[in-house]
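Asker: Shown below is the structure under consideration.
The values are calculated or read from the model by the stated rules, or taken from the named source; none is laboratory data. From a predicted model like this one, the values you see are computed outputs, not experimental measurements. Note that we place each Cβ from the backbone using ideal geometry, even for glycine, and neighbour counts take in every protein chain shown. Calculation scope for accessible area: heavy atoms of the full protein, side chains included, ligands and nucleic acids excluded. Shrake-Rupley method; radii C 1.70, N 1.55, O 1.52, S 1.80 Å.
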Amino acid sequence: MQSFRTELENPIVEKDIIDLEKKIRDFRDGKIHDEKFRSLRLARGVYGQRQPGVQMVRIKLPFGKVTFKQLLRIADISDKYASRNLHLTTRQDIQIHYVSLDRTPQLWAELAEDDVTIREACGNTVRNVTASPASGIDPLEPFDVSPYAHAVFEYFLRNPICQEMGRKFKISFSSSDADTAFSYIHDIGLIPKINSDNERGFKVMLGGGLGAQPLLASIVEEFLHEDQLIPYIESVIRVFDRYGERNNRNKARLKYLIQKIGLEEVLHLTKIERIANKVKTYKINRDTVDLPAIPELAAEYTAVEISNPLHYEQWLATNVFEQKQSGFYGVYIKVQVGDIPTDVARQLVAAIEPYVADEIRITQNQGLLLKYARKEALPALFKGLAELGFANPGFDSVGDVTTCPGTDTCNLGISNSMTFARVLEDLIANEYEDLIYNRDIKIKISGCMNSCGQHGLAHIGFHGSSLKAGTRVLPSMQVLLGGGTVGNGVGRAAERVIKVPAKRATLVLRAVLDDFKLNSIEDEIFHNYYDRQGKDYFYQLLKPLADLTTLTDTDFVDWGHEETYATAIGVGECAGVIIDLVSTLLFESEEKLGWANESYNGGAWSDAIYHSYNTFISAAKALLLDKGISSSTQIGVIREFDTHYVETGEIQINGSFNELVLQINKNEPSEEFATQYKAAANDFLNLVKVKREEVLQS
């Protein structure tokens, strides 16, 4: 592979990239086990595709913010290393596909030149911190949450407490009670509030998640002071890391830990962890997210003639809103299935640069938001967007369908979602044009049950599945209804109603929309209509479409395909992989102790302590595996080690292993404690290595 050569101004980033290159070389040379390497590359934004031998690279854009220069850089990267396409995600990232593993270090280095990272975009880490795209310009917001989202992103990036959790951890910031960042489906969801003393803070939602078993978050704080935001999140993550499931990834999210031990116990453990936090209070720099450069008013704006006035008026009504900053407008761009070819991305930047501020936000429904357009500039901006096909009205309406990549590139995809989304959008545009004004109903599609396309919070949702008809298998869609945002932290999970052949899903949409038009009460919202009719009503309405005795040959061919359907589900990488190899764990223990020493020498006492803690856990887990004991949590490893090694006298330490290790949450992260704890971890690792050698020699 080509050696990484670019020198970067940021030595931490450069070290990351050099480390990735070294890990790839070790993997190629057989020095790192395949599954261990998988977890390493995932934490660096490199995700295996459905197609063998190539990778998807996820580019992490905190709260979806990207400048013109950064977008052009990403387009150049996709041209050079990937498939000349940018895919916008529901978590405000950009993904590029068909990348060679060996070229990822150089790709990362070139992204870093414009302050863009792929670090911790995948894997068992704190994922991209999302926020309402309109934050900063939202007329309803109490204050701009962007600096807070940025601070959380910075604080937890490379933070030792969240590098190897049992599963991913998702955090969102909504700009107002409208909750446009979906606080209720996140591990931690935050809604800005101002109290009676005019102080800033957040309503805190805890333990939400979609996936195969959606669970809605609980309100745990009505008002958390802004200075307590990061310490609170840190304490929760520490609890999740120690007590969360690690073997069965299907039960490894925070929501399942809350189910297992109870919300009150999780909150109790969170309070206990506060003493170990790096900081007890954290003042957010409110000026961290700069006001973007706004173009000057130009006389030629008013000289533009609109060739299709009706189209322009529809666009103004559905895609444009007045910002809280007087005289300026936000402009949404509807991006079909979230895909922007790189040549179009360059044309887009050229088209919008004279008219809007140098800050684009990626939206949760895979579109774009432009900021600070002057009223006089709107006709010229519309014309430029229309020439690129980006002035379609109906942003975030019934006709703006959200979708994941599905079987196009994802290992877990069961049936097609991208082509199906295009088909639904065309159907709505041709048959239900008036619904471009309806923002009450959201349609969302995922290629499997995991809800990357957010079908679990859709008013009308679909997820890919399969059905068996005799000896044959056909692609199908599970239909879900009644989900969505209520507001101020309250949401609804969509209910599974019926499963139908995929090619009949268009008929499902027609049936539901027609029935809503015919049977809803005047001004009735979809949620009320769904609740009034009841789930069984919709089951009976759609039941004829699930009849497998009337199948035709086309039902056995998925959307976007010509060949007969066959299920081909790979191994998903959304959550990383657990490695239970004794030698690998001991190697990791050595590596973690090395990180502890590095942090200690740099005066980062809290980081040194947590790396030392992980040294204890990895080393203990290695010896337990020698006895065939595999615990699914870190706290379980601690308890099992006491039972099988300390209490039996095979390993002699002063007191119990539990008391030794859990000093971490009984002491402030001082230099004195870091010195003592790191030395204890070093001594313990030496004991384990001696014991391991005895086992090998016996």
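Asker: Before we move on, is residue 389 more than 22 Å from residue 441 (Cα to Cα) and either surrounded by fewer than 18 Cβ atoms within 10 Å (Cβ to Cβ) or not β-branched (Val, Ile, Thr) (or both)?
Answerer: The answer is yes for residue 389.
Asker: While we're looking at this one, here's another question. Condition check: at pLDDT below 85 and either assigned to a helix (DSSP H, G or I) or in contact with a Ser or Thr (Cβ under 6 Å, 6 or more places away or on another chain) (or both). Does residue 549 satisfy that?
Answerer: Working: at pLDDT below 85: no; either assigned to a helix (DSSP H, G or I) or in contact with a Ser or Thr (Cβ under 6 Å, 6 or more places away or on another chain) (or both): yes.
Taking the combined requirement at face value, the residue does not satisfy it.
Asker: Would you mention how many residues in the stretch 53-85 are in contact with a helix residue (DSSP H, G or I) (Cβ under 7 Å, 6 or more places away or on another chain) and either outside any helix (DSSP H, G or I) or open to solvent by 40 Å² or more (accessible area, probe 1.4 Å) (or both)?
Answerer: 7
Asker: For the structure I just gave you, tell me whether residue 130 is closer than 19 Å to residue 19 by Cβ and open to solvent by less than 10 Å² (accessible area, probe 1.4 Å).
Answerer: no
Asker: Could you grab me the full set of residues in the stretch 133-159 that are in a loop (DSSP other than H, G, I, E, B), over 17 Å from residue 66 (Cβ atoms) and open to solvent by less than 10 Å² (accessible area, probe 1.4 Å)?
Answerer: Across the stretch 133-159, the qualifying residues are 143, 145, 159.
Asker: Something else now. Being outside any strand (DSSP E or B), open to solvent by less than 50 Å² (accessible area, probe 1.4 Å) and charged (D, E, K, R) is the filter here, so list the residues in the stretch 193-230 that pass it.
Answerer: 226, 227 - these are the residues of the stretch 193-230 that are outside any strand (DSSP E or B), open to solvent by less than 50 Å² (accessible area, probe 1.4 Å) and charged (D, E, K, R).
Asker: Among (1) of a type outside the set (Val, Ile, Thr); (2) in a helix (DSSP H, G or I); (3) modelled with pLDDT of 95 or more, where does residue 555 come up short?
Answerer: Unmet condition: (3).
Asker: If only one of 366, 347 is crowded, with 23+ Cβ neighbours inside 10 Å, touching a residue at least 12 places away in the same chain (Cβ under 8 Å) and either in contact with a helix residue (DSSP H, G or I) (Cβ under 9 Å, 6 or more places away or on another chain) or hydroxyl-bearing (Ser, Thr, Tyr) (or both), which one is it?
Answerer: Answer to the check: 366.
Asker: Now for a separate question. Being touching a strand residue (DSSP E or B) at 6+ places or on another chain (Cβ under 8 Å), within 29 Å of residue 331 (Cβ to Cβ) and open to solvent by 10 Å² or more (accessible area, probe 1.4 Å), is that true of even one residue in the stretch 160-174?
Answerer: yes
Asker: Filtering the stretch 92-127 down to residues that are under 20 Å from the mean Cα position of the chain (by Cα) and of a type in the set (Ser, Thr, Tyr), which residue is most open to solvent (accessible area, probe 1.4 Å)?
Answerer: Per the criteria, the residue is 117.
Asker: Checking residue 24 against (1) open to solvent by less than 10 Å² (accessible area, probe 1.4 Å); (2) more than 29 Å from residue 159 (Cβ to Cβ), only one condition comes out false. Which one?
Answerer: It fails just one condition, (2).
Asker: Kindly provide the set of residues from the stretch 592-607 that are more than 28 Å from the chain's Cα centre (by Cα) and in a helix (DSSP H, G or I), ordered by number. Write out each step before concluding.
Answerer: The initial filter retains those residues of the stretch 592-607 that are more than 28 Å from the chain's Cα centre (by Cα), namely 593-594, 596-605.
Those that are more than 28 Å from the chain's Cα centre (by Cα) and in a helix (DSSP H, G or I): 593, 594, 596, 597, 598, 599, 600, 601, 605.
Asker: Pairs only if they're at least six apart or on different chains, beta carbon under 9 angstrom, first in the stretch 272-289 and under 15 Å from residue 606 (Cα atoms), second crowded, with 18+ Cβ neighbours inside 10 Å and basic (Lys, Arg); list them, first residue then second.
Answerer: Hits for this filter: 273/238; 273/242; 276/238; 277/238.
Asker: Considering 258, 275, 233, which residue is in a helix (DSSP H, G or I) and open to solvent by less than 10 Å² (accessible area, probe 1.4 Å)?
Answerer: Exactly one of 258, 275, 233 is in a helix (DSSP H, G or I) and open to solvent by less than 10 Å² (accessible area, probe 1.4 Å), namely 233.
Asker: In addition: Of these, 596, 674, 680, 604, which one is out of contact with any Lys or Arg (no Cβ under 6 Å at 6 or more places or on another chain) and buried (at least 22 other Cβ atoms within 10 Å of the Cβ)?
Answerer: Only one candidate qualifies: 674.
Asker: Can I ask one more? So the check is Cβ under 6 Å with 6+ separation or different chains; which pairs have a first residue in the stretch 641-663 that's in contact (Cβ under 8 Å) with a residue 40 or more places away in the chain and open to solvent by less than 40 Å² (accessible area, probe 1.4 Å) and a second one that's hydroxyl-bearing (Ser, Thr, Tyr) and assigned to a helix (DSSP H, G or I)?
Answerer: The qualifying pairs are 651/645.
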